[in-house]
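K.L.:
Let me begin by handing over the structure; questions about it come next.
The values are calculated or read from the model by the stated rules, or taken from the named source; none is laboratory data. Bear in mind that the values here come from a model prediction, so they are computed numbers and not experimental data. As a convention, Cβ positions derive from the backbone with ideal geometry for all residues, glycine included, and neighbour counts pool all protein chains shown.
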Amino acid sequence: MISRKKKFILASRSPRRAHLLRQIGMNFSVRESAIDEIIDETKSPAENVKQLSLQKASAVASHFRSGIVIGSDTIVVLGREILGKPETKKEAVAMLHQLSGRTHTVFTGFALVDAQSKRSFADFEKTKVTFRDLGAKEIREYVRSGSPLDKAGAYGIQDDYGAVFVERIDGCYYTVVGFPLAKFYIALQKFLLP
């Protein structure tokens, strides 16, 4: 399915992304990009996640002579507001109160960069997520676990609590986890063609 001869590098320390890539049989090394994840307010959420994904992959590709580097970025959009990763527990609580009983959209971008030729490709997927009404106590308990602090929108759909916050989704589940597997897999097959 995916060539074992190719060298792949994941430009992310996200354990969720690593797990999903292993799920489809990929072997890869991990090299965090360490770029500043700055949202460009003049661009759409889709353009932002594609641009950030490409910046991450390109930054890591510059350290290698060969291999395909994979970058990715996820943001949560509620109305017109972009919710990134909360910086504090207080911010995480506030985000979850905002999401409670409402529908938001998760955008996840991905990028591929060939370290040798510098050829690149970037795309994104989006999924609508509806939360049930959340209680203040369950929000506090979830935030106390520490889990929301490294996730866009302050929740993980794959977490114990995060899973029970979600009433329904419209779109790709894996986009919400942090990596749109089906769209990525199809793009990778095309990217690897001679």
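K.L.:
Would you confirm whether any residue within region 89-106 is exposed (fewer than 15 other Cβ atoms within 10 Å of the Cβ) and either farther than 24 Å from Gly146 by Cα or at pLDDT below 95 (or both)?
P.N.:
No, there is no match, as no residue in region 89-106 is exposed (fewer than 15 other Cβ atoms within 10 Å of the Cβ) and either farther than 24 Å from Gly146 by Cα or at pLDDT below 95 (or both).
K.L.:
Please verify whether region 2-11 includes one or more residues that are without any contact (Cβ under 8 Å) to a residue 40 or more places away in the chain, of a type outside the set (A, V, I, L, M, F, W, C) and either touching a strand residue (DSSP E or B) at 6+ places or on another chain (Cβ under 9 Å) or part of a helix (DSSP H, G or I) (or both). Quick ask: steps written out before the conclusion?
P.N.:
Kept after step one, since they are without any contact (Cβ under 8 Å) to a residue 40 or more places away in the chain, are these residues of region 2-11: 4-5.
Subsequent filtering for residues that are of a type outside the set (A, V, I, L, M, F, W, C) retains 4-5.
Checking which are either touching a strand residue (DSSP E or B) at 6+ places or on another chain (Cβ under 9 Å) or part of a helix (DSSP H, G or I) (or both) leaves us with none.
No, that holds for no residue.
K.L.:
Looking at Ser14, Ser3 in this structure, which one is under 19 Å from Ala182 (Cα atoms), modelled with pLDDT under 95 and surrounded by 14 or more Cβ atoms within 10 Å (Cβ to Cβ)? Talk me through it step by step, then tell me what you get.
P.N.:
Working: Ser3 fails: surrounded by 14 or more Cβ atoms within 10 Å (Cβ to Cβ).
Answer to the check: Ser14.
K.L.:
More than 20 Å from Ser33 (Cβ to Cβ), in contact (Cβ under 8 Å) with a residue 40 or more places away in the chain and of a type in the set (Ser, Thr, Tyr) - does that describe any residue in region 108-115? Break it down into steps so the answer makes sense when it comes.
P.N.:
Going residue by residue through region 108-115, those that are more than 20 Å from Ser33 (Cβ to Cβ) are none.
No, there is no match, as no residue in region 108-115 is more than 20 Å from Ser33 (Cβ to Cβ), in contact (Cβ under 8 Å) with a residue 40 or more places away in the chain and of a type in the set (Ser, Thr, Tyr).
K.L.:
Now a separate question. Quick one: in region 109-126, of everything that is in a loop (DSSP other than H, G, I, E, B) and among the polar types (S, T, N, Q), which residue is surrounded by the fewest Cβ atoms within 10 Å (Cβ to Cβ)? Write out each step before concluding.
P.N.:
Within region 109-126, the first condition is being in a loop (DSSP other than H, G, I, E, B), and the residues that meet it are 115-119.
After this cut, where a residue has to be among the polar types (S, T, N, Q) as well, the list is 116-117.
On the way: Gln116: 12, Ser117: 8.
Per the criteria, the residue is Ser117.
K.L.:
Listed residues Lys90, Lys137, Lys126, Lys118; which is within 22 Å of His19 (Cα to Cα) and among the charged types (D, E, K, R)? Full working, then the answer.
P.N.:
On the way: Lys90 fails: within 22 Å of His19 (Cα to Cα); Lys137 fails: within 22 Å of His19 (Cα to Cα); Lys118 fails: within 22 Å of His19 (Cα to Cα).
Unique residue meeting the criteria: Lys126.
K.L.:
If you check every pair at least six apart or on different chains, which have Cβ atoms under 8 Å apart with a residue in region 17-28 that is within 22 Å of Ala152 (Cβ to Cβ) first and a residue that is hydroxyl-bearing (Ser, Thr, Tyr) and crowded, with 19+ Cβ neighbours inside 10 Å second?
P.N.:
Within 8 Å, the pairs are Arg17/Ser72; Ala18/Ser12; Leu20/Tyr174.
K.L.:
Please specify each residue of region 118-136 satisfying the condition of being among the small types (Gly, Ala, Ser), within 21 Å of Ile186 (Cβ to Cβ) and out of contact with any Asp or Glu (no Cβ under 8 Å at 6 or more places or on another chain). Step through it out loud before you land on a result.
P.N.:
Quick first cut of region 118-136, residues among the small types (Gly, Ala, Ser) only: 120, 122, 135-136.
With the extra rule that they be within 21 Å of Ile186 (Cβ to Cβ), the set shrinks to 120, 122.
Scanning region 118-136 gives a single hit, Ala122.
K.L.:
Could you list, in sequence order, the residues of region 127-143 that are surrounded by 11 or more Cβ atoms within 10 Å (Cβ to Cβ), over 26 Å from Pro180 (Cβ atoms) and of a type in the set (Lys, Arg)?
P.N.:
If the condition is that a residue be surrounded by 11 or more Cβ atoms within 10 Å (Cβ to Cβ), over 26 Å from Pro180 (Cβ atoms) and of a type in the set (Lys, Arg), then Arg140 is the only one that fits.
K.L.:
If you take the residues in region 17-37 that are loosely packed, with under 12 Cβ neighbours inside 10 Å and in contact with a helix residue (DSSP H, G or I) (Cβ under 8 Å, 6 or more places away or on another chain), which one is nearest to Gly178 (Cα to Cα)?
P.N.:
The extreme case among them is Gln23.
K.L.:
Within region 18-77, take every residue that is part of a strand (DSSP E or B) and β-branched (Val, Ile, Thr) and give me the one that is nearest to the chain's Cα centre (by Cα). Lay out the reasoning, then the answer.
P.N.:
Residues of region 18-77 that are part of a strand (DSSP E or B), as a first pass: 29-30, 68-77.
Pick out the ones that are also β-branched (Val, Ile, Thr) and you get 30, 68-70, 74-77.
Values: Val30: 15, Ile68: 18, Val69: 15, Ile70: 12, Thr74: 3, Ile75: 7, Val76: 10, Val77: 13 Å.
Residue satisfying both the conditions and the ranking: Thr74.
K.L.:
Yes or no: region 85-105 includes at least one residue that is assigned to a strand (DSSP E or B) and in contact (Cβ under 8 Å) with a residue 40 or more places away in the chain. Give the derivation first.
P.N.:
Residues of region 85-105 assigned to a strand (DSSP E or B): 103-105.
Checking the rest, the ones that are also in contact (Cβ under 8 Å) with a residue 40 or more places away in the chain come to 104-105.
Yes, region 85-105 contains at least one residue that is assigned to a strand (DSSP E or B) and in contact (Cβ under 8 Å) with a residue 40 or more places away in the chain.
K.L.:
If we scan region 135-157, do we find a residue that is in contact with a Ser or Thr (Cβ under 7 Å, 6 or more places away or on another chain) and either farther than 22 Å from Arg13 by Cβ or of a type in the set (S, T, N, Q) (or both)? It would help to see each step written out before you state the result.
P.N.:
So in region 135-157, the residues in contact with a Ser or Thr (Cβ under 7 Å, 6 or more places away or on another chain) come out as 152, 156.
Pick out the ones that are also either farther than 22 Å from Arg13 by Cβ or of a type in the set (S, T, N, Q) (or both) and you get none.
No.
K.L.:
Considering only residues of region 137-168 that are outside any helix (DSSP H, G or I) and touching a residue at least 40 places away in the same chain (Cβ under 8 Å), which is farthest from Lys85 (Cα to Cα)?
P.N.:
First pass over region 137-168, keeping only residues outside any helix (DSSP H, G or I): 145-146, 151, 155-159, 166-168.
Checking which are touching a residue at least 40 places away in the same chain (Cβ under 8 Å) leaves us with 151, 155-156, 158.
Numbers: Lys151: 5, Tyr155: 9, Gly156: 11, Gln158: 16 Å.
The residue in question is Gln158.
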